[in-house]
Amino acid sequence: LDQLFGGWKIIDAWTYRVTRNAELERHEDEAEDLLEMIAEEVRERMFAPFVRLEVQSGTPSQLVDLLTEELELNRERDVYQIDSLLDLQALKEFNVSAGPKLSKYQFPKHVPVPMNGMPYPFKSNGSFAEAGGDAGSGESIFDAIARKDFLVHHPYESFESSTLRFLQEASVDPDVLAIKATVYRTSNDSPVIEALLRAAERRKHVAVLMELKARFDEARNISYAEELEAAGCSVAYGLIGLKTHCKVMLVVRKEKGSGLPSGLRTYVHIGTGN
């Protein structure tokens, strides 16, 4: 603290956290541009009124009174004394190993779709390989699905080796013509978005319904929607008055000897995300 407040004498320090109201009024029916409306809502949220003050237990009463007055809160209703950490997310900074005594309680990683050798576009260690890289030549996930359907339960069954693998293989498979998907909530540097961009770069038709109303992820989804559009993907921003939360993906693949008049076969992933 003495480095942050040079020249000042530090008498004491107490932590506190404030919460703003994220429930802003929304008039979707009147919006001419849903993307711009959600972007404006995200900007307004930065200046929304305060609704809660959390203070470290033992914080001097005069300091709590000062914060309560400045934030225009009610001392009896809006102020909470916290005995533990104010932000438990900070615990993620600790890299703690389970150790041999606890390792037996770790849930085993289950691969629902058998690999039968590492298929293109995966390397021998299971990581994703770009075209022309050190990729394997095992069975494609489309061959596995053609034999039977798969029911997977995340996170107990590996998302990476099933749903993500399905999308990643489709993004580089030369026989895949189109990928259509809904996207609700993603992570930073999302491999899902990366695969969709890769598919667009390979001239596949990519259509995405990007749900802009995913609470607290609106800004990230707006950024991804604009990135997908710039890559040539067809992007819809959701439906007015509704929130699309289901996870759906459709892959259209050209298959010789499929027995279908058009020679096209569709593969579908459906998930609730709950």
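Tabulated results
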quantity: Only listed residue being open to solvent by less than 40 Å² (accessible area, probe 1.4 Å) and either modelled with pLDDT of 75 or more or over 30 Å from Gly241 (Cα atoms) (or both), chosen from Pro112, Pro108, Pro100; calculated: Pro112
quantity: Residues being over 26 Å from Ser161 (Cβ atoms) and basic (Lys, Arg) - total across region 84-110; calculated: 1
quantity: Residues satisfying the stated conditions in region 220-240, i.e. open to solvent by less than 60 Å² (accessible area, probe 1.4 Å), over 20 Å from Phe166 (Cβ atoms) and in contact (Cβ under 8 Å) with a residue 40 or more places away in the chain; calculated: Ile222, Ala225, Tyr237, Gly238
quantity: Tally of residues being among the aliphatic types (A, V, I, L, M), surrounded by 10 or more Cβ atoms within 10 Å (Cβ to Cβ) and in a loop (DSSP other than H, G, I, E, B) across region 1-22; calculated: 1
quantity: Selection from region 241-250 of residues that are open to solvent by 30 Å² or more (accessible area, probe 1.4 Å) and touching a strand residue (DSSP E or B) at 6+ places or on another chain (Cβ under 9 Å); calculated: His245, Cys246, Lys247, Val248, Leu250
quantity: Options Asp149, Asp189; residue that is within 28 Å of Lys254 (Cβ to Cβ), open to solvent by 20 Å² or more (accessible area, probe 1.4 Å), out of contact with any strand residue (DSSP E or B) (no Cβ under 9 Å at 6 or more places or on another chain) and part of a loop (DSSP other than H, G, I, E, B); calculated: Asp149
quantity: Check on Asn95, part of a loop (DSSP other than H, G, I, E, B) and at pLDDT 55 or above; calculated: yes
quantity: Filter result for Lys204 (within 30 Å of Ala146 (Cβ to Cβ) and open to solvent by 60 Å² or more (accessible area, probe 1.4 Å)); calculated: no
quantity: Any hit, region 251-270, residues being open to solvent by 60 Å² or more (accessible area, probe 1.4 Å), touching a residue at least 60 places away in the same chain (Cβ under 8 Å) and over 20 Å from Ile145 (Cβ atoms); calculated: no
quantity: Search result, residues across region 216-239 that are in a loop (DSSP other than H, G, I, E, B) and under 16 Å from Arg43 (Cβ atoms); calculated: Phe216, Asp217
quantity: Residue within region 202-209 that is modelled with pLDDT under 85 and closer than 25 Å to Ala230 by Cα present; calculated: no
quantity: Matching entry among Leu53, Leu35, Leu73, Leu85 (being assigned to a helix (DSSP H, G or I), surrounded by 10 or more Cβ atoms within 10 Å (Cβ to Cβ) and at negative phi); calculated: Leu35
quantity: Residue check for Ala131: touching a helix residue (DSSP H, G or I) at 6+ places or on another chain (Cβ under 9 Å) and either modelled with pLDDT under 55 or surrounded by fewer than 10 Cβ atoms within 10 Å (Cβ to Cβ) (or both); calculated: yes
quantity: Single match in Leu212, Leu196 (criterion: crowded, with 18+ Cβ neighbours inside 10 Å and assigned to a helix (DSSP H, G or I)); calculated: Leu196
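For (1) among the aliphatic types (A, V, I, L, M); (2) without any contact (Cβ under 8 Å) to a residue 12 or more places away in the chain, each residue gets a yes or a no:
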| site | (1), (2) |
| --- | --- |
| Leu167 | yes, no |
| Ile179 | yes, no |
| Thr186 | no, no |
| Asp189 | no, yes |
| Leu196 | yes, no |
| Arg202 | no, no |
| Val206 | yes, no |
| Met210 | yes, no |
| Arg215 | no, no |
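Listed here are the residues, each with its yes/no results for (1) aromatic (Phe, Trp, Tyr); (2) within 12 Å of Trp14 (Cβ to Cβ); (3) free of Cβ contacts under 8 Å to residues at least 24 places away in the same chain.
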| site | (1), (2), (3) |
| --- | --- |
| Glu41 | no, no, no |
| Ala48 | no, no, no |
| Gly58 | no, yes, no |
| Val64 | no, yes, yes |
| Thr68 | no, no, yes |
| Leu71 | no, no, no |
| Asp78 | no, no, no |
| Asp83 | no, no, no |
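The values are calculated or read from the model by the stated rules, or taken from the named source; none is laboratory data. All figures in this text were calculated on a predicted structure; none of them were measured in a lab. Don't worry about glycine lacking a Cβ; one is built from the backbone with ideal geometry, like all the others, and counts go over all protein chains shown. Accessible surface is based on the protein model in full, side chains and every heavy atom, while ligands, DNA and RNA are left aside. Shrake-Rupley method; radii C 1.70, N 1.55, O 1.52, S 1.80 Å.
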